[in-house]
Each structure stands twice: as C-alpha cells, then as structure tokens.
C-alpha cells in the first residue's frame, strides 16, 4: 500500500510524469508567440504541473510526458528562417559573428531563391552548397532535427496537441483557451518581394532537400491526425 502511494505521488509530482508538458519550439514556426500564450493559459496550468520548452536541441523522450508541437510548411519555414537570419546577421549586424560561416553564406547568396537554386546541379546534390545551407541558424535545426528521433518512440496518447503556424491564432484559442495578441520575432511586414520569391526550380530543390521534414510531418500525422486540409497545406 505504501509503495503504491509513493508511485502515485511520483506520477503526480515528478518532472517527466503525465503532468509534464514538453513544448517543442521549432524555430520560425511562431514558437515564441506560442510560448507567451502557454504562459497565459489557465487550461494548461490546470492540467500540467511542469511545462518545459525545448528549443535548439533535440527533445528528450520521456515515456509518461505529454508533448505540444507547432509545425509549419517546410519550404515556408526555410524561407522565413533565411530572411530572419539575413536581417539579423547581414542587415543589422547584431549577430554577424554568432555562428561561424553564417555571415559569409548569407551575404554570398543574398536570397533563399539563389541558395535553393544552387542546391542541385543536373539533378545531383551539391554537397558544398548543402553544407553552406546548414551553416544558417534554424536551417540546420530543421523540423526533422526536432522530431524524427522522437517520433520513433512517441505514443499517440502522449501528443497533447499539434498547432500550425499558418493557423496559429485559431489553434492557440482552440487548444489553449487563450486569445493570441502577440507576434514575437515575426519578420517585418511588407518584406521585400525579392526576398519572398522562389522560382519553380528553387521550390523543387527545397522540396527534395527537405524531404526528411516532410517525412517527419507524415509520421506525426500517423500518430496524431492533423486533418486532410491542414496536412495538404503542410506538405505543399
């Protein structure tokens, strides 16, 4: 009886129990805004004793914990990440030496379109350009970086929810019971159209290069169905 009670208390109060929510903050998916909403959510406060944010590192698998994940279309996310880093590293020079080689790559290509068009030569991956791609913060830590290993062990019942950057405000309100009024770390509105442009070649190259991201999204959908319309948007 004593042992049973101790186990019950451990399940309720120890980090990693079912009363633990692990929030996976994938870069450039609206995660900073979601983090603010999580802090304001009474619904989460009532259900979870511990809420842990994982960012710029692989999430640890805990067999009793629950997980909250925010996704974005991989190509849109990559484009946003490039432009965000270009702004901070090249235009504002506020992080020009944070990551080795990043400044040189961003300045060399100037736009994601230029970088993406050079990823493949006559259908073959240019490993040098691929290495340059991965020097850029948030491009190196892609969707697959966060999810692929975790999804090999995760059970369906452990997924508390999946939100989409494309529908972030409505998803936050539906799942967390919070009206989202902040957009933190959002790229500037009215961004230069040249920075947002992707040619058909660039899009095709990114779709191939980011294949692991698309596979991770499909694996997550198999565990926790996202919905046909939402899935199609993520996989476009």
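The values are calculated or read from the model by the stated rules, or taken from the named source; none is laboratory data. Just so it is clear, the structure is predicted and the values come from calculations on it, not from any experiment. Quick reminder, even Gly has a Cβ in these numbers, built from the backbone with ideal geometry, and neighbours come from all protein chains shown.
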(message) I need a count of the residues in region 29-52 that are in contact with a helix residue (DSSP H, G or I) (Cβ under 7 Å, 6 or more places away or on another chain), surrounded by 15 or more Cβ atoms within 10 Å (Cβ to Cβ) and outside any loop (DSSP other than H, G, I, E, B).
(response) 6
(message) For the structure I just gave you, tell me whether residue 212 is closer than 21 Å to residue 24 by Cα and touching a residue at least 60 places away in the same chain (Cβ under 8 Å).
(response) yes
(message) Residue pairs, Cβ under 6 Å, 6 or more apart or interchain, first in region 138-158 and at positive phi, second buried (at least 19 other Cβ atoms within 10 Å of the Cβ) and outside any helix (DSSP H, G or I). List them.
(response) 138/27; 138/28
(request) Scan region 224-234 residue by residue and report those that are assigned to a helix (DSSP H, G or I) and loosely packed, with under 15 Cβ neighbours inside 10 Å. (result) 228, 229, 232
(request) Would you tally the residues in region 178-214 being modelled with pLDDT under 95 and in a loop (DSSP other than H, G, I, E, B)? (result) 15
(request) Output the residues belonging to region 59-75 that are closer than 24 Å to residue 110 by Cα and either outside any helix (DSSP H, G or I) or under 11 Å from the mean Cα position of the chain (by Cα) (or both). (result) 72, 73, 74
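Listed here are the residues, each with its yes/no results for (1) closer than 30 Å to residue 231 by Cβ; (2) modelled with pLDDT under 95; (3) within 20 Å of the chain's Cα centre (by Cα).
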position: 15; (1), (2), (3): no, yes, no
position: 34; (1), (2), (3): yes, yes, yes
position: 77; (1), (2), (3): yes, no, yes
position: 80; (1), (2), (3): yes, no, yes
position: 85; (1), (2), (3): yes, no, yes
position: 92; (1), (2), (3): no, no, no
position: 106; (1), (2), (3): no, no, no
position: 117; (1), (2), (3): yes, no, no
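Please find, among 56, 26, the residue that is crowded, with 23+ Cβ neighbours inside 10 Å and assigned to a loop (DSSP other than H, G, I, E, B).
Numbers: 56 fails: crowded, with 23+ Cβ neighbours inside 10 Å.
Result: 26 is the single residue among 56, 26 that is crowded, with 23+ Cβ neighbours inside 10 Å and assigned to a loop (DSSP other than H, G, I, E, B).
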(message) Kindly evaluate residue 21 against the criterion of being in a strand (DSSP E or B), at pLDDT 95 or above and crowded, with 17+ Cβ neighbours inside 10 Å.
(response) yes
